[in-house]
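Remarks on the structure that follows.
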Amino acid sequence: MSIAILYILSSLMYMRLLLLNIDSVVVSLGIPLLLLYSLLLYLYGSPVKVFKSFSSNKFFLNNLKISFLFLISSSIVFLQGGDYVTSLMIFFKQILILCCFIVGYLSGECSYKYSFKVFVCFLAIYIASGIMGLFMLAPYELVDEIIRPIGFAGASEVMGHLSMFAFIFFLGMCFVYKNKKRTYYPLMLMSLILLLMSSHLKNIFIALPSVLLLFWLFGKIKLINIVYIFVFSVIAITLGMKYGGNLSFIVRINELFSTGISLGIGEGDVVTNSGVFRIIHWKMLFNDWYQNYFIFGVGAGNIYSLKGFGYDLGHRLAAHSDVVTFIVELGVLVFPLFLYYIIYNFWILYKISKFNMKFKVLLAVYFSLLGASFAGGVYFSAAHSYLFWFIVGLFCANYKKRLIT
């Protein structure tokens, strides 16, 4: 009896140690997704029937192949003696992307209209929480006396990505559902305000070409519209820089123009411009990668092993760029394949958008997320990994025509 109790206690301690090393996102999101997936599986039918419904879907197959690439990278990390546990967490995060697509697909098969309304309400609640954060009525953070809304997103950067996602999505819904503009216009304007006040310039700058892409896809890219957008942007930025100095995104733009971009840095110098910081940090990361990990990469999730900026001894910073991160982590052996599947997903969205208006919206949203990934960590953010791939699965279930590319 005592041996059995000792065995149970040791097993629990081992499980506790294992959970402490597992990414919190994998645990907090993975368990609810598995429960929801089990419920949808019960409602939809047998596992064989479920698998056949999306096994030939191009999006599912592409993300499955990307998962395999991360598994290869994890194996390389294990052989190199690196942190393979962190690398496996990246693999599991990619599996969560697959799960979100499957849950979205099954939700659409069970009840598309109800699932879509729930998705819109969910996104609207998060945007409303961010707006409340601007007035300190919801979670926020104060950076250099600038309020950055957090809301229910958990972090200001996550809220910035969500606001960009919501702005493009709701604007597109205004084009798709013209009879429901009274619903989507206020949500679009709320998302735009939150986007401008989130103080993440990369999201603001990539939103403009994303809007132009959306106008072009819906055949509204007329010269007068381009002139209106350009004039409005110039006037808004000019007036904001002159009279709106306390607005967060205006402060960032003023900082960019006042400090300029200088890559020269000496010992003891302080880097205040985030753009300069990123470029110098990327240069340091690429130098270490090129000298030591060029072929196989440092391994998925192991970018912190490279020599870059750090805030303390042994604690290095992330790359603040998915493009840089995946290049140095996957190496020249795996990264080209990863890039191919990302571009292929974009191509599939473009092909389907010719036949379905809702996929035109997804194409513009995907463009904005990929654009923001050049200067931020977007790929495994909530906006891309979970919300975007859920809605892709939901729309695929509603789009009955076989996906042929």
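The combined condition, being under 17 Å from the mean Cα position of the chain (by Cα), more than 21 Å from Ile204 (Cα to Cα) and at pLDDT 85 or above, is fulfilled by Phe101. Every condition in (1) part of a helix (DSSP H, G or I); (2) crowded, with 17+ Cβ neighbours inside 10 Å; (3) modelled with pLDDT of 80 or more holds for Tyr340 except the one numbered (2). Comparison of Val251, Val211, Val270 shows that the only residue that is modelled with pLDDT under 80 and assigned to a helix (DSSP H, G or I) is Val251. Candidates are the residues of the range 343-382 that are free of Cβ contacts under 8 Å to residues at least 24 places away in the same chain and surrounded by fewer than 19 Cβ atoms within 10 Å (Cβ to Cβ); the one that is nearest to Phe169 (Cα to Cα) is Tyr350.
Could you list, in sequence order, all residues of the range 70-85 that are in contact with a helix residue (DSSP H, G or I) (Cβ under 8 Å, 6 or more places away or on another chain), farther than 12 Å from Leu330 by Cβ and touching a residue at least 40 places away in the same chain (Cβ under 8 Å)? Of everything in the range 70-85, those that are in contact with a helix residue (DSSP H, G or I) (Cβ under 8 Å, 6 or more places away or on another chain), farther than 12 Å from Leu330 by Cβ and touching a residue at least 40 places away in the same chain (Cβ under 8 Å) turn out to be Gly82, Asp83, Tyr84. No other residue among Gln80, Gln94 is at negative phi and under 17 Å from the mean Cα position of the chain (by Cα) apart from Gln94.
Each residue in the range 280-307 was checked for being in a loop (DSSP other than H, G, I, E, B) and either in contact with a Phe, Trp or Tyr (Cβ under 7 Å, 6 or more places away or on another chain) or touching a residue at least 60 places away in the same chain (Cβ under 8 Å) (or both), and 8 pass. Go through the range 176-189 and give me each residue that's buried (at least 19 other Cβ atoms within 10 Å of the Cβ) and either of a type outside the set (Ser, Thr, Tyr) or not in a helix (DSSP H, G or I) (or both). Selection gives Leu187, Met188. Which residue is modelled with the highest pLDDT, if the candidates are limited to the range 137-163 and must be in contact with a Gly (Cβ under 9 Å, 6 or more places away or on another chain) and part of a loop (DSSP other than H, G, I, E, B)? Among them, the one singled out is Ile150. Identify all residues within the range 164-206 that are modelled with pLDDT of 90 or more and touching a His at 6+ places or on another chain (Cβ under 9 Å); write none if there are none. Scanning the range 164-206 gives Met164, Phe165. Checked against the criteria, Val25 counts as crowded, with 17+ Cβ neighbours inside 10 Å and modelled with pLDDT under 60. Taken over the range 75-114, the criterion of being polar (S, T, N, Q) and surrounded by 23 or more Cβ atoms within 10 Å (Cβ to Cβ) is satisfied by Ser87, Ser107.
Of all residues in the range 115-137, those being surrounded by fewer than 17 Cβ atoms within 10 Å (Cβ to Cβ) and without any contact (Cβ under 8 Å) to a residue 40 or more places away in the chain number 9.
The values are calculated or read from the model by the stated rules, or taken from the named source; none is laboratory data. All values reported here derive from a predicted model rather than from experimental measurement. FYI the Cβ positions are ideal-geometry reconstructions off the backbone, even for glycines, and counts take in every protein chain you see.
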